[in-house]
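*Asks:* Before we start, here is the structure in question, set down as structure tokens.
The values are calculated or read from the model by the stated rules, or taken from the named source; none is laboratory data. Source: prediction; values computed, not measured. Note that we place each Cβ from the backbone using ideal geometry, even for glycine, and neighbour counts take in every protein chain shown. Accessible surface is based on the protein model in full, side chains and every heavy atom, while ligands, DNA and RNA are left aside. Shrake-Rupley method; radii C 1.70, N 1.55, O 1.52, S 1.80 Å.
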Amino acid sequence: MGRANKVVLAYSGGVDTSVCIPYLKEEWGVEEVITLAADLGQGDELKPIKEKALKSGASVSLIADATESFVKDYAFPAIQANALYENRYPLSTALARPLIAKLLVEAAAEYGADAVAHGCTGKGNDQVRFDVSIAALNPDLKVLAPAREWGFSREETIAYGERFGIASPVKKKSPYSIDRNLLGRSIEAGPLEDPNVEPLEEIFLMTKAIADTPDQPEYIDIGFEQGIPTSLNGKSLDAVSLITQLNQLAGSHGVGRIDMMENRLVGIKSREIYETPALLVLIYAHRDLESLTLTADVTHYKRGIEETYSQLVYQGLWYSPLKGALDAFIQQTQERVSGAVRVKLFKGNATIVGRQSANSLYTPNLATYGAEDQFDHKAAEGFIYVWGLPTRVWSQKVRE
Ligand code: ARG
């Protein structure tokens, strides 16, 4: 008896996940491997991937069309949470993992598999996100991670695959490790491993170099309903079209590049490059609309929730009870976050230059310095007396 009977493997079509198929069967005694490739809008042709899995020894090769769910059920809640890990990374890769885990668990149930598998190594965040999400959704399911144990170098992986008819990659392998989906691209390794070296222009696909961006700014209007982006320049759009079009618009102005040192969950610092044009613009715009429509105390309190939320998502705890509780808080705050935000895209910057909402809490007669001012200036004196009272008492005491 091997480690499992029937396994559903998360499949990308690359050499590593292809090699997982014969490896699971030959080394770990798995009888049947079913592959599952998730379409998350990464733009790959999925038909060759489907065939490659079958040629590599899979009994069934599934393609899950999950782009819409990815945007609506994972990206939109993260936008409502203004989720930025370490204040910068909008979690474009991290958000995909709990969804892929869910698809794996569902396929395992459908096909009566006793385990699921993935090709992650033991160094990254993604293994944690997969394993913990799978455990949350079905704690009885085994999770197999061949690449965490096989100890193959790149050459050994290719050689092992060739023994089972898996063609070695035609193109010379790029030095970079890249993850991509509709929300963005994450690029690591190769020359980027020196944190002091500027990324080469060749790594970017979704964002233009500043030198190649238009010399005129472009203004866009983003409409939100209850914290969810629903329109672009006054036109209602479905979730996937909105992200696709905004990626294009913002990317053409060089907006959305991030170069950061990141603290991985497994304790390693890594240098990460991201390009996430639409997601970043939407978070900035959403946060701005919140500052118009939420009270001061909710706005301030939510910042702390957002920080915790971002960490939970990064750390693989999407399906945890704390994340569920924070979701409930965030949902409650979004009820009146509707309106439109005007963004100026220019030379790599997305600057918020206007906002409006029927739920705006901005009160011109209170804010103005002009003649229409209705604020009771005299009332401030009593307020300040009470507000400053503890400080006054303290100060008198320490002077005694
Ligand atoms: N560091 C990012 C994260 O943990 C991306 C990881 C995957 N990136 C990659 N190039 N393989 O979300």
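*Asks:* Can you list the helices (runs of 4 or more DSSP H) found entirely within segment 1-107 that contain at least 3 residues being open to solvent by less than 50 Å² (accessible area, probe 1.4 Å) and within 29 Å of residue 155 (Cα to Cα)?
*Replies:* Result: 15-26.
*Asks:* While we're here: Could you check segment 230-253 and list, in sequence order, the residues that are closer than 19 Å to residue 203 by Cβ, open to solvent by 10 Å² or more (accessible area, probe 1.4 Å) and either touching a helix residue (DSSP H, G or I) at 6+ places or on another chain (Cβ under 7 Å) or within 13 Å of the ligand (Cβ to nearest atom) (or both)?
*Replies:* Scanning segment 230-253 gives a single hit, 247.
*Asks:* Between residues in segment 340-355 that are on the phi > 0 side of the Ramachandran plot and in contact (Cβ under 8 Å) with a residue 24 or more places away in the chain and residues that are buried (at least 18 other Cβ atoms within 10 Å of the Cβ) and among the small types (Gly, Ala, Ser), which pairs lie under 7 Å by C-beta distance while being six or more apart or on different chains?
*Replies:* 347/254; 348/254
*Asks:* Where residues in segment 300-333 are of a type in the set (S, T, N, Q), open to solvent by 20 Å² or more (accessible area, probe 1.4 Å) and part of a helix (DSSP H, G or I), which of them is farthest from residue 133 (Cα to Cα)? It would help to see each step written out before you state the result.
*Replies:* Applying the first criterion (of a type in the set (S, T, N, Q)) to segment 300-333 yields 308, 310-311, 315, 320, 331-333.
Okay, now just the ones that are also open to solvent by 20 Å² or more (accessible area, probe 1.4 Å), so 308, 311, 315, 320, 331-332.
Next, from what is left, pick out any that are part of a helix (DSSP H, G or I): 308, 311, 331-332.
On the way: 308: 18, 311: 15, 331: 22, 332: 25 Å.
Out of the qualifying residues, it is 332.
*Asks:* Going through segment 148-194 one residue at a time, which ones are outside any strand (DSSP E or B), closer than 28 Å to residue 67 by Cβ, within 16 Å of the ligand (Cβ to nearest atom) and open to solvent by less than 30 Å² (accessible area, probe 1.4 Å)?
*Replies:* Keep residues of segment 148-194 that are outside any strand (DSSP E or B), which gives 148-176, 182-183, 189-194.
Right, trim to closer than 28 Å to residue 67 by Cβ and you get 166, 169-171, 173-174, 176, 182-183, 189, 192.
If we keep only those that are within 16 Å of the ligand (Cβ to nearest atom) too, we end up with 173-174, 176, 182-183, 189, 192.
176, 182, 183, 189, 192, listed by residue number.
*Asks:* Would you point out which residue out of 363, 333, 391, 368 is among the β-branched types (Val, Ile, Thr) and closer than 24 Å to residue 230 by Cα?
*Replies:* Working: 363 fails: closer than 24 Å to residue 230 by Cα; 391 fails: closer than 24 Å to residue 230 by Cα; 368 fails: closer than 24 Å to residue 230 by Cα.
Matching residue, one of 363, 333, 391, 368: 333.
*Asks:* Would you mind stating whether residue 45 is acidic (Asp, Glu) and in contact (Cβ under 8 Å) with a residue 12 or more places away in the chain? Steps first, please.
*Replies:* On the way: acidic (Asp, Glu): yes; in contact (Cβ under 8 Å) with a residue 12 or more places away in the chain: no.
In short, no.
*Asks:* If you go through segment 111-147, how many residues are open to solvent by 50 Å² or more (accessible area, probe 1.4 Å), modelled with pLDDT of 95 or more and within 16 Å of the ligand (Cβ to nearest atom)?
*Replies:* 1
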